[in-house]
Amino acid sequence: MPPAGRRIGDDFVDDSDSDVSITGLDEEPSRSKAKGKGKAIDRKKKDQGKGKAKDQAYAWEATYTRSWDTVQEDEAGRLEGAVQDLIARGRRRRLLAPAAAIRRTIIRHLVLVLDLSSAMMDRDMRPTRFDLMLQYAREFVTEWFDQNPLGQIGIVGMRGGLGERIGEMSGNPQDVLKAILERHKLLPNGEPSLQNAVEMARSSMSHLPTHSSREIVVIFGSLTTCDPGNIHDTLDECVKDRIRISIVALAAEMKVCRELCDKTGGQFGVAMNEGHFKDLLFELIPPPAQRAVARTGGGPAADLMIMGFPMRLPDTSPPSLCVCHSQMKSEGFLCPRCLAKVCDVPTDCDICGLMIVSSPHLARSYHHLFPVKPYSAVMTLDDTPEPSKRCHGCAVAFKEMPSTMLGASGEGMSFYGRYRCSECHNDFCTDCDVFVHDVVHCCPGCGK
């Protein structure tokens, strides 16, 4: 049965169920044209809106650096030179920090707080946040003790809404690394409690003397914290005890974390990727500047502390028990006060409580107080009558022709790859420049 209706030209019009009244055949084309014109106008508006949305970047995109926009090919079409320039700029940017002598605390006590909540099993950082945190924590402890041999580190975990003591405060890096090496004992679970962890860290540093710094470093990967009370009360206690709190967040910025860092004088940062996470963590290795302490009664300007320099026992000495592990060993160190035997230094004597350090450790701690002056980048060789052809440190030949690097002069980069000491006027390459300031902490040309 054909449907009720009539055919007009090539169009089929339904007269039975249609709710559109057809008054004239001449009005239909105009309506369709008007309707089509309206759709075209709407479509143009949408396209313009999309174009504006594409032109307007998000707020978080302002913090990113599009490194692929600055990479340029060399004459042979390779990117090796551009990649080396980017690496060199990153190295030099770190060395352009002010090198003025600042009063710093060389005897540090730090509590590393690890987030062991279920949020650390996310895979936005490979392989997981938890595994990457443990890896960077081990590297952080090793590097921290290398640059701060007179300091001590304790480990606290946040798991199941509680603060868990993982490692006691110790000046031996092997004891600290042993506490975080066993992965199966640190598996994430539950929610973190920032207040409980900070309270546990604060209680472990309450007995420390005033001449040492008290620091808390938190690696926080969750967006929530399950606290039993008001965390602002804990913050006030930390400010009263002069405890510095620094937080490295892996998820996003939280207001309470920012307040903890700002009010205690610490640092706060949100890791954007794996490399940025490591940079934020390793920025906390140098000792912070010491705060001015108001003194009453006209006391001395600085506190004196007692240290002991032990006598080292050779491997051929008769075996005896050590007071730290109760094991029979030949090598070790003798406390100068009570003659007790300890395995490693620096440490505190378990018998008399004397701080035992070696003279190299004490001397190595002073490079933070008197840093090497940054080398100046050589931009031209016209003012040098006889420039050296090789690096004074590694004897590698310098570039004869200047290289083209965008914005190199603004970032402290040298077109010739030369960096000159202001005291001895010797030229060094980029690798030696970084090696002198990061490892040697003494100029090989002038010894300063």
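The values are calculated or read from the model by the stated rules, or taken from the named source; none is laboratory data. Here the structure is a predicted model, which means the values were calculated and not measured. All Cβ positions, glycine included, derive from the backbone under ideal geometry; neighbour counts span all protein chains shown. With ligands, DNA and RNA removed, areas are computed over all heavy atoms of the protein, side chains included. Shrake-Rupley method; radii C 1.70, N 1.55, O 1.52, S 1.80 Å.
Overview of values
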{"item": "Number of the exception - T316 against (1) of a type in the set (S, T, N, Q); (2) at pLDDT 85 or above; (3) closer than 28 Å to E139 by Cβ", "result": "(3)"}
{"item": "Residue satisfying condition, being outside any helix (DSSP H, G or I) and either open to solvent by 40 Å² or more (accessible area, probe 1.4 Å) or under 16 Å from L116 (Cα atoms) (or both), within set M169, M200", "result": "M169"}
{"item": "Some residue of region 185-194 being modelled with pLDDT under 90, closer than 29 Å to D344 by Cβ, in the same structural domain as P149 (by TED's automatic domain parsing) and over 20 Å from the mean Cα position of the chain (by Cα)", "result": "yes"}
{"item": "Subset of region 262-287 [assigned to a helix (DSSP H, G or I), in contact (Cβ under 8 Å) with a residue 12 or more places away in the chain, out of contact with any Lys or Arg (no Cβ under 8 Å at 6 or more places or on another chain) and within 23 Å of Q135 (Cα to Cα)]", "result": "F277, K278, L280, L281, F282"}
{"item": "From I180, I219, residue being among the hydrophobic types (A, V, I, L, M, F, W, C), part of a strand (DSSP E or B), out of contact with any Ser or Thr (no Cβ under 7 Å at 6 or more places or on another chain) and open to solvent by less than 30 Å² (accessible area, probe 1.4 Å)", "result": "I219"}
{"item": "Tabulated pairs, region 307-322, first within 23 Å of L362 (Cβ to Cβ), second open to solvent by less than 40 Å² (accessible area, probe 1.4 Å) and among the polar types (S, T, N, Q), C-beta under 8 angstrom, 6+ apart or interchain", "result": "F309/S358; P310/S358; L313/S330; P314/S330"}
{"item": "Qualifying residue in region 245-261 (condition: open to solvent by 70 Å² or more (accessible area, probe 1.4 Å) and touching a residue at least 60 places away in the same chain (Cβ under 8 Å))", "result": "no"}
{"item": "Where a residue in region 351-379 is free of Cβ contacts under 8 Å to residues at least 40 places away in the same chain and its partner, wherever it lies, is among the aromatic types (F, W, Y) and open to solvent by 40 Å² or more (accessible area, probe 1.4 Å), with Cβ under 7 Å and at least six apart", "result": "M379/F415"}
{"item": "Residue match in region 148-157 (condition: free of Cβ contacts under 8 Å to residues at least 40 places away in the same chain, part of a strand (DSSP E or B) and surrounded by 14 or more Cβ atoms within 10 Å (Cβ to Cβ))", "result": "no"}
